[in-house]
1. For A:Phe37, are the conditions met, namely being within 26 Å of A:Ile134 (Cα to Cα), at the interface with chain B (Cβ under 9 Å from one of its Cβ atoms) and of a type in the set (Phe, Trp, Tyr)?
2. Every residue in region B:47-69 that is more than 10 Å from chain A (Cβ to nearest Cβ), in a helix (DSSP H, G or I) and either hydrophobic (A, V, I, L, M, F, W, C) or touching a strand residue (DSSP E or B) at 6+ places or on another chain (Cβ under 7 Å) (or both), please.
3. If A:Phe93 satisfies all but one of (1) assigned to a helix (DSSP H, G or I); (2) modelled with pLDDT of 85 or more; (3) more than 14 Å from the chain's Cα centre (by Cα), what's the number of the condition it fails?
4. Please identify the pairs in which a residue from region A:82-109 that is within 21 Å of A:Gly35 (Cβ to Cβ) and free of Cβ contacts under 8 Å to residues at least 12 places away in the same chain has its Cβ atom under 7 Å from the Cβ atom of a residue that is of a type in the set (Val, Ile, Thr) and not in a helix (DSSP H, G or I), counting only partners at least 6 apart or on another chain.
5. From the residues in region A:50-101 that are at the interface with chain B (Cβ under 9 Å from one of its Cβ atoms) and over 27 Å from B:Ile187 (Cβ atoms), which one is surrounded by the most Cβ atoms within 10 Å (Cβ to Cβ)?
6. Given (1) surrounded by fewer than 10 Cβ atoms within 10 Å (Cβ to Cβ); (2) in contact with a Lys or Arg (Cβ under 9 Å, 6 or more places away or on another chain); (3) under 30 Å from A:Gly55 (Cα atoms), identify the lone condition not met by B:Pro83.
Amino acid sequence: MRDQSILRVAAKSMTPFILVFGLYVIFHGDISPGGGFQGGVIVASAFILYGLVYGGAEMRRVIPRWLSDTLLAFGVLLYAGTGTFTLLAGYRFLDYTALLPGNPGTGEVIGMTLVEYGVGFTVSMVMITIYNEISEGTVPDTGSQPPGEAGGNG
Amino acid sequence: MPSFDVINLVLLLMVTLVAVAVVIVRNLVAVGMLMSIYSFLMALIWTNMDSMDVAFTEAAVGAGISTILFIGALVHVGTEETPHPRLHWPALLVTGLTAGALIYGTVGMPAFEDPASPANSNRVSIGYIRQDVEKTPDAPGHGTGPAVHDATQPVAAPGQPAGPVAQEHAGADYFHGHVPNFVTAVIVSYRAFDTMFETAVIFIAGLAMILFLRRRTA
């Protein structure tokens, strides 16, 4: 895909909009359709589109493996951590009132947002990881490498 | 016949055709595309049924990511399906029995949009149908008055047993502070524990990919 400049320009200009839309879906999960899962998938699709057009190596430069590995674990930790926090604060597990006892309505929104962040982190990074591991060595990394080095580093 | 049914019927017919095509077609890239079309058609059906969250998920996951991962997997297994000339009768029997049981199961389901169905007469659903949500009396900024306000309005379904449940919860701000999106409220508030472990399942899927497929940089 080295010479397909229309594809490259289109993919690069689409990526920020897809990312913003994915984040919007995560943030507004409490008032509109969507949530952490759908938004996470959309965020992941932005990275995967970038990886499809520019090659897996370039995508792993943008979002390295250590980062995706850390964030996919961090998502679950954030979710369970919110629950543990409410438990330690003297409420039931994942009773979001604990986050803002004076105003349970806002507390619930805060708790839901935290939890949706957790789901979004985990889902998007797992999707990126699955794409990474499936595609590596099979989809030629024609993006930024010379052809001799394409196809994974063993 | 209302247009709702006509649209659904046409879409379901197309879904059936696509499903049959998935079985017949031997080229796996084409199968991947057909499965993507299948998911998009299902998303349209969910949209037609006002189930936006499901439609959203179907379009994003079923049509989007699944197709990419399917095509990615094809790179490993090749693009032509191995032909199976012989009809496998036990498999046909099992599939037929399962399909029959599923179709038989739909007979017992309540009609679509039936206000007396268990899903619609649940106390949580009633609150959401009556838009009792986010009417938090003591929350500043929401000044819409107490939740009792809506207790005078008739529920959308006259025949349903909403009386005692609705009156029990109308003044008690049962929906205190719950977010407007019903689906999100159920998923991350009423069923937050379920969702936590669903997230953990996805996490384990990612972990399995890392452990089994990642190449060691030796």
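1. Numbers: within 26 Å of A:Ile134 (Cα to Cα): yes; at the interface with chain B (Cβ under 9 Å from one of its Cβ atoms): yes; of a type in the set (Phe, Trp, Tyr): yes.
The answer is yes for A:Phe37.
2. B:Ala63
3. The failed condition is (1).
4. A:Gly105/B:Thr136
5. So the residue we want is A:Leu52.
6. With (1) surrounded by fewer than 10 Cβ atoms within 10 Å (Cβ to Cβ); (2) in contact with a Lys or Arg (Cβ under 9 Å, 6 or more places away or on another chain); (3) under 30 Å from A:Gly55 (Cα atoms) applied to B:Pro83, the lone miss is (3).
The values are calculated or read from the model by the stated rules, or taken from the named source; none is laboratory data. Source: prediction; values computed, not measured. Every residue, glycine among them, receives a Cβ derived from its backbone with ideal geometry; neighbour counts consider all protein chains shown.
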